[in-house]
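Please read the structure below before turning to the comments.
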Amino acid sequence: MSFLKKLFGGGGGSTKPPSTSAETHNGFTIYPEPVKDGGTWRIGARIEKEINGEVKSHFMMRADTLQSFDEACTASVSKARMLVDQQGETIFS
C-alpha cells in the first residue's frame with residue numbers, strides 16, 4: 001500500500017521546498033518563498049530590513065499560482081520588489 005501512495009503522490013515526500021537565494025532591493029532583503037498549493041506554487045516572499053538595529057520582517061503571499069517552483073520564485077521576487085517600491089517601510093506597520 002505505501003508503494004502505491006508514493007507512486008501516486010500520497011505521502012512520504014518532503015514538503016519543504018528547495019532553498020532559494022535572497023536578493024537586495026532598495027535596502028530591503030527579499031527571500032522568495034513560494035508556497036506549495038496542490039500541484040502548483042503560490043507566490044510568496046519574505047521581505048526584511050534592519051531598522052534602528054532591529055530586523056523587521058513581512059511575509060507577502062498572493063493568490064497567483066504557477067506550475068514550476070522556479071517560475072514562482074521569479075514572480076515572487078518581482079511582486080515583492082513592486083510592494084517595496086509602492087509601500088516602503090510601511091509594510092512593517
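The values are calculated or read from the model by the stated rules, or taken from the named source; none is laboratory data. Bear in mind the structure is a predicted one, so any value in this text is a computation, not a measurement. Glycine gets a Cβ as well: all are built from the backbone with ideal geometry, and neighbour counts include every protein chain shown.
Miscellaneous remarks
- If you filter the stretch 7-35 down to residues that are polar (S, T, N, Q), at pLDDT 55 or above and assigned to a loop (DSSP other than H, G, I, E, B), you find that the one that is nearest to residue 85 (Cα to Cα) is 26.
- Among the residues of the stretch 53-93, the ones that are over 24 Å from residue 39 (Cβ atoms) and surrounded by fewer than 17 Cβ atoms within 10 Å (Cβ to Cβ) come to 14 in all.
- Qualifying residue in the stretch 76-84 (condition: of a type in the set (Lys, Arg) and either assigned to a helix (DSSP H, G or I) or out of contact with any helix residue (DSSP H, G or I) (no Cβ under 8 Å at 6 or more places or on another chain) (or both)): yes
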